[in-house]
1. Does PHE199 satisfy the criteria of being within 18 Å of the chain's Cα centre (by Cα) and either more than 13 Å from the ligand (Cβ to nearest atom) or surrounded by 22 or more Cβ atoms within 10 Å (Cβ to Cβ) (or both)?
2. What are the residues in the stretch 295-315 that are free of Cβ contacts under 8 Å to residues at least 60 places away in the same chain, over 20 Å from ASP361 (Cβ atoms) and in contact with a Cys (Cβ under 8 Å, 6 or more places away or on another chain), if any?
3. List the helices (runs of 4 or more DSSP H) that sit entirely inside the stretch 31-126 and contain at least 2 residues that are within 16 Å of the ligand (Cβ to nearest atom) and within 30 Å of GLY331 (Cα to Cα).
4. Show the residue pairs meeting these rules: Cβ distance below 7 Å; 6+ apart or different chains; first residue within the stretch 192-214 and closer than 16 Å to ALA242 by Cβ; second residue within 16 Å of the ligand (Cβ to nearest atom) and part of a loop (DSSP other than H, G, I, E, B).
5. Taking the stated definitions as given, is ILE236 within 16 Å of the ligand (Cβ to nearest atom) and in contact with a Cys (Cβ under 7 Å, 6 or more places away or on another chain)?
6. How many residues does the stretch 203-212 hold that are modelled with pLDDT of 95 or more and either charged (D, E, K, R) or in contact with a Pro (Cβ under 8 Å, 6 or more places away or on another chain) (or both)?
7. Please state which one of LEU295, LEU218, LEU227, LEU263 is surrounded by 19 or more Cβ atoms within 10 Å (Cβ to Cβ) and touching a Ser or Thr at 6+ places or on another chain (Cβ under 9 Å).
8. Taking the options LEU9, LEU37, LEU4, name whichever one is more than 18 Å from the chain's Cα centre (by Cα) and in contact (Cβ under 8 Å) with a residue 24 or more places away in the chain.
Amino acid sequence: MTRLPFTPLVASLPSSVPFVGPEAHERALGRPFKARLGANESVFGPSPRAIEAMRTAAGGVWMYGDPENHDLREALAAHCAVAAERIQIGEGIDGLLQVVTRLFIAEGTPVVASAGAYPTFLYHAHGCGAVLHSVPLHDDFEDLPALAQAAHETGAALAYLVNPNNPMGTFHSAEALSAFLAALPSDTVALVDEAYVEFAPERDVLPLAVDDPRLIRLRTFAKAYGLAGARIGYAIASAEVATAMNKVRNHFGVNRIAQAGALAALGDQDYLAAVVEKVASARQSIEAIAASHRLAAVPSAANFVAIDLGGDPEAAAAQSHEVVATLAERGIFVRRPFAAPQNRCVRVSAGTAEDLAVFADAFGEVLTAGPRLRAATS
Ligand SMILES: *Cc1c(COP(=O)(O)O)cnc(C)c1O
């Protein structure tokens with residue numbers, strides 16, 4: 001058999017991607033999901049102005065998109081009140097994670113992240129050969145002092161943080177993040193994934209004016225702006241880092257339909273505000289569904305809520321696995337956290353009233369039927 005010259009690093013990696021998409025479940029199920037509440041997408045969709053802009057851009061799709069993403073970059077600079085040199089556009093946060101990991105990670109480079117961290121970061125970090133040191137959450141919050149300490153102990157190049165956190169929804173305010181930056185080693189980069197920042201209380205978000213060369217913030221049009229399928233996001237970093245990203249990024253990676261959609265979505269802040277309100281009300285509905293079963297919900301600053309199944313965490317983790325699988329069989333897509341003890345929860349994305357009614361019915365039945373339900377119905 002031919003032996004292909006894979007690099008030793010690539011040969012050592014598993015041939016798998018971080019997520020099984022809902023479409024794979026639907027193919028296995030033989031029908032589409034009735035409620036798609038597992039990927040924290042925005043069921044409310046993008047602004048009609050963004051849809052119109054993308055429709056118009058579609059006719060010009062024979063052209064490559066502007067590799068400098070100039071118009072969107074300038075608009076984001078104005079919107080964020082930072083210099084355009086500090087902004088880099090990419091194929092969603094996922095694409096930007098690949099760029100940033102390539103900038104700072106070689107084989108054997110230590111990185112720190114929380115246990116159960118967003119798998120796409122881990123995927124790209126491992127893809128560059130990182131040695132991962134993970135730190136447990138503390139009361140379902142990312143443990144900032146422990147992350148900083150781990151960075152000191154390991155000499156980490158990167159400390160990855162998701163704020164508001166996925167999968168728990170917990171949020172660290174500006175004060176805590178400033179203390180974290182102060183506590184980090186002078187040569188550790190804080191990579192802060194702000195996929196859900198638009199849902200967090202605005203006054204508590206670390207100001208964008210904080211221009212620490214060690215700070216890279218990643219944001220996206222996928223969640224609050226409702227453009228997950230368009231694959232577009234941005235980094236706010238020091239000018240030095242944003243410029244360095246030009247060395248390795250996929251320069252025609254962001255297509256022109258996405259650029260047009262993101263620009264129009266950014267320009268419709270009224271629509272964004274309305275979505276943020278709908279999400280807040282959906283969070284309350286999910287909390288009420290949990291409360292109706294005497295279950296606690298982790299207070300969330302994002303567009304999803306982690307429902308705590310309660311009791312012994314290990315038993316709850318087995319139950320959450322069961323609940324997610326049984327709900328999938330019933331046409332409802334939700335997910336659960338990867339790591340213990342957070343995997344005692346079921347994570348439900350903000351849905352429409354209709355989605356949540358479908359979820360509430362099935363969730364109630366699954367909880368009452370208990371763990372034998374699946375065996376009985378399958
Ligand atoms: C959803 C999510 C992303 C994905 O962002 P894209 O811009 O769609 O790539 C990144 N990070 C976290 C923590 C997420 O939950």
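The values are calculated or read from the model by the stated rules, or taken from the named source; none is laboratory data. All of these numbers come straight from a predicted model, not from anything done at the bench. Using ideal geometry, Cβ is built from the backbone for each residue, glycine included, and neighbour counts are taken over all protein chains shown.
1. Yes: the conditions hold for PHE199.
2. Within the stretch 295-315, ASP308 is the sole residue that qualifies.
3. 92-104
4. VAL192/ASN163; GLU194/ASN163
5. Values: within 16 Å of the ligand (Cβ to nearest atom): yes; in contact with a Cys (Cβ under 7 Å, 6 or more places away or on another chain): yes.
Criteria met by ILE236.
6. Qualifying residue count, the stretch 203-212: 2.
7. Every option except LEU227 fails the conditions.
8. One residue alone meets the criteria, LEU9.
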